Amino acid sequence: MTNQICRRKVLAASAAVAAFNIVPSSVLAQSARKDGKSRNNQLPPSERLNLGFVGIGGKGRINIQGCAAHNIHSLCDVDQVRSAPSFKKHPPAKRFEDWRVMLDKEAKNLDAVVITTPDHTHAVVAMAAMQLGLPIYCEKPLTRTISEARILTEYARENKIVCQMGNQGHAREGARLVNEWIKGGLLGDVAEVHCWSDRPIWPQGIVRPKAQPAPSTLNWDLWLGPAPDAPFGGTDKDSVVAPFNWRAYYDYGAGALGDMGAHIMDYPVWALGLGAPLSVEAEFERTNPASAKHTYPSSATVTFQFAARGARPPVTLKWFDGKTLPPRPEALEKERTLTSSGMIFHGSKNSMMCTHKTTPRLFPESAMQAVARAGEIPPKTMQRSPGHYVEWFNAIKANDPSIAKSNFDYAGPLTETILLGCVAERVGAGTKLMWDSKNMKTDHELANRLIQHEYREGWTL
């Protein structure tokens, strides 16, 4: 712990915290291209952090690439096949199968930890790293349950841990434009928002497959971690749980909403300052009723109600996934199609559409052109990000959690809102849950049980 703090003080001395000033887009394009991964690959040794990675296949490889300017010190994964490309690409890195062993042996040599595991292990890995004083970058959704999100958020705040959730769109230009346009009055009063995703792209609404042994290259017990003991999967690729289909299962993931909500719902929650919802209700159909014991439905519509905030009106936010889509706005030109995922803000003056990867546009396009000609587009007033990963690096070097804009003070409550929608899907279609955020309770007995985390023997938070 002492070594970590001393090392961070040295790094902080050379940190370029000024990267968070508002700078011309031409400068940002050069210094933060591809989320800060070009120029910063030439960081001098004195500015490089020693990073440990838990989960290095799939999205884990992308996170390693995003951190490539720094020292890839330790790599950990339970799957020998999925981890092989990362191990091969970074031969000097220390290799581990069990993250607990990695932290026990290498914590004193690490400056931070990146967590890219299935949702059900996020909280236990993150808490263990934070208790060692290590900054963490944790993939979305932050946790699998609401109680885990609350505990991690409070621990990080009380102990001033630098942290960042992996909803990369939070750092993009589009997120800031949405904020500026809404707060600048371009849309007028926004009372309804529609968010949608074409996920799931894995099987949902299915029952747990019969037992099949896990491959010898996968440490299935470690993969399960705090989850209940259960079989690996069935006899075909669509019925095995790992490495991809786990998102469908209650024990491991949070379905389509949990997967994409942190990206898509992020923009309206942030720009409108929504806070905790008052209520949530889910609508869906199940072709196989038995699947309700195991997995999220294949398609759903989830309605969140938010209170008024000062002079701003109450907001209805509707989430659509799978085969469900939001109603097509009458003002949207016939030749324009809805993207595979996105959000629509319905305002009293104008309406706006975007995705978490694109900049917003008013619709119809004639409205966009009219406000541009009239010079009515609000000015840029928010700090621009040097990139989602770079924010986190700068926060670590400056020992200032606020520099990472999706730190747990923001990402924790966002995760709670999203997971409350997941709870509504598990409780049953048409059941409206009233939410008491302060006491973390609903008016429904089953929902209250689902809010809490439970771990198998030998695992704790």
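Nothing in this text is a laboratory measurement; each read-out follows from the coordinates by a stated rule. What you see is a predicted model; the values in this text were computed from it and never measured. No Cβ is skipped: glycine too gets one built from the backbone with ideal geometry, and neighbour counts run over all protein chains shown.
Key figures for this structure:
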read-out	value
Sequence ranges 278-289, 206-217, ranked by mean other-Cβ count within 10 angstrom, highest first	278-289, 206-217
Debye log10 I(q)/I(0) at q = 0.15, 0.17, 0.19, 0.21 Å⁻¹ for region 185-308, Cα point scatterers	-0.78, -0.92, -1.06, -1.20
Percent of alpha-carbon pairs separated by more than 41 Å within the chain	17 percent
Rounded Å value of the spacing that divides the Cα centres of region 128-147 and region 184-230	18 Å
Summed residue charge, Cβ within 13 Å of Val124's Cβ, Lys/Arg positive, Asp/Glu negative	-1
Nearest-20 debye value, the chain charge dipole, Cβ charges on Lys, Arg, Asp, Glu	1240 debye
Alpha carbon convex hull of region 288-333, projected area averaged over orientations, nm²	5.5 nm²
Exposure proxy ranking, count of Cβ atoms within 10 Å, fewest first, for Ser298, Ser348	Ser348, Ser298
Spatially proximal lysines relative to Lys88 (Cα-Cα < 18 Å; intrachain offsets below 8 disregarded)	Lys59
Estimated [θ] at 222 nm from DSSP helical runs (n ≥ 4, -39500 (n - 2.57)) normalised by residues in the chain, nearest 500	-9500 deg cm²/dmol
Listed residue pairs exceeding 26 Å between alpha carbons, taken from Lys380/Lys438; Lys323/Lys441; Lys94/Lys397; Lys183/Lys405	Lys380/Lys438; Lys323/Lys441
Note, ³J(HN,Hα) from phi for region 219-228, Karplus 6.51, -1.76, 1.60, rounded to Hz, x at Gly and Pro	7, 5, 5, 5, 4, 5, x, x, 6, x
Charge context of Thr153, other residues only, Cβ under 10 angstrom, K/R +1, D/E -1	-3
Region 267-308 and region 416-461: distance between their alpha carbon centers, rounded to Å	12 Å
